[in-house]
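The values are calculated or read from the model by the stated rules, or taken from the named source; none is laboratory data. Because the structure is predicted, anything quoted here is derived from the model rather than measured. Here the Cβ positions follow ideal geometry from the backbone for every residue, glycine too, while neighbour counts run over all protein chains shown. Side chains are part of the model used for accessible areas, which takes the heavy atoms of the whole protein and leaves out ligands, DNA and RNA. Shrake-Rupley method; radii C 1.70, N 1.55, O 1.52, S 1.80 Å.
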Amino acid sequence: LLNEETGDFRLAQLVRILYLTGEYDDLILPALKDLDYWFTVGEDQYCYWSENHMILWTSSAYLMNQLEGWPMDNTMEQRLRHYLDLKLKYGFYEFFSSTYLPFTLAGLLNLADFADDEVIKSKATRVAKKLMKQMLLVFNEKGAFYPAAGRNYSERYTSFKPSSIMWISTGLGKKPTGTDYVGPFLSTS
């Protein structure tokens with residue numbers, strides 16, 4: 001799963017599991033240690049360029065450095081602080097995206113829940129709340145997410161799936177019958 005272009009989606013889940021359980025698998029840690037957590041010369045396997053990928057990679061790098069002391073690139077913490085400051089000041093360019101905001105929220109919740117640095121923890125919490133508040137603006141009382149979004153796919157407008165974000169946050173809408181990406185993050189945050 002970590003070999004896909006979007007391996008950071010799974011990476012954030014594994015980081016969360018490690019922090020929640022405190023259990024380390026002999027297969028998981030070596031796989032996480034050998035990852036490039038940001039651009040390196042010649043690396044072309046992963047996607048880093050968009051808002052959701054930026055926070056997933058950077059939050060995971062920060063938290064694995066905190067947990068294991070692994071060296072990361074020397075701009076990682078500065079990049080993380082800058083990202084959080086930008087989101088607090090200007091908001092999101094993947095605005096109202098039912099596709100990508102759940103991933104962004106997951107990276108933010110990992111920081112809000114597990115960062116030892118109080119400034120990073122506080123900013124991540126504030127950014128996550130800002131994101132949730134914006135998302136809740138475009139849900140209707142039946143739990144449908146109906147935004148004109150920055151970075152969404154057309155099928156998001158032609159089919160409806162209950163949203164765990166809406167249901168967990170408000171209890172409104174149809175109860176989801178399965179799991180999605182961000183539901184477990186919200187439920188354990």
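Accessible area per residue for the chain is 53 Å², calculated with a 1.4 Å probe on protein heavy atoms, without ligands, DNA or RNA. Counting only protein chain heavy atoms and rolling a 1.4 Å probe, the accessible areas of ARG16, ARG10, ARG126 rank, largest first, as ARG126, ARG10, ARG16. Calculated mean residue ellipticity at 222 nm for the chain: -17000 deg cm²/dmol, from DSSP H runs with n ≥ 4 weighted as -39500 (n - 2.57), summed, divided by the residue count and rounded to 500.
With the simple model of a label 7 Å out from the Cα in the direction of the Cβ, GLU4 to HIS82 spans 3.0 nm. Peptides 94-104, 168-178 ranked from most to least packed, by the mean per-residue count of other Cβ atoms within 10 Å: 94-104, 168-178.
Solvent exposure of VAL119, expressed as accessible area, is near 70 Å², computed with a probe of 1.4 Å over the protein chains only. When the charge dipole of the chain is built from unit charges on Cβ atoms (+1 for Lys and Arg, -1 for Asp and Glu) and taken about the Cα centre, the candidate among THR125, ILE28, ASN3 whose Cα reaches farthest toward its positive end is THR125. On a 0 to 90° scale, report how tilted helix 118-136 is relative to the longest principal axis of the chain, with both axes built from alpha carbons and the result rounded to the nearest 10. For 118-136 against the chain, the angle is about 30 degrees. Net charge dipole, the chain: roughly 1240 debye, given to the nearest 20, about the Cα centre with Cβ charges of +1 for Lys and Arg and -1 for Asp and Glu.
Full extension of the segment from ASP26 to SER169, taken as 0.36 nm per residue of separation minus the current Cα-Cα distance, would add 47.9 nm. Using only Cα atoms, locate the centre of the stretch 42-119 and the centre of the stretch 1-29, then give the distance between them in Å, rounded to an integer. Between the Cα centres of the stretch 42-119 and the stretch 1-29 lies a distance of 15 Å.
Here the stretch 49-149 exposes an accessible surface that is 58 percent carbon and sulfur, computed with a 1.4 Å probe and the other protein chains kept in place. Of the listed residues TYR146, TYR181, the order by accessible area with a 1.4 Å probe, largest first, is TYR146, TYR181.
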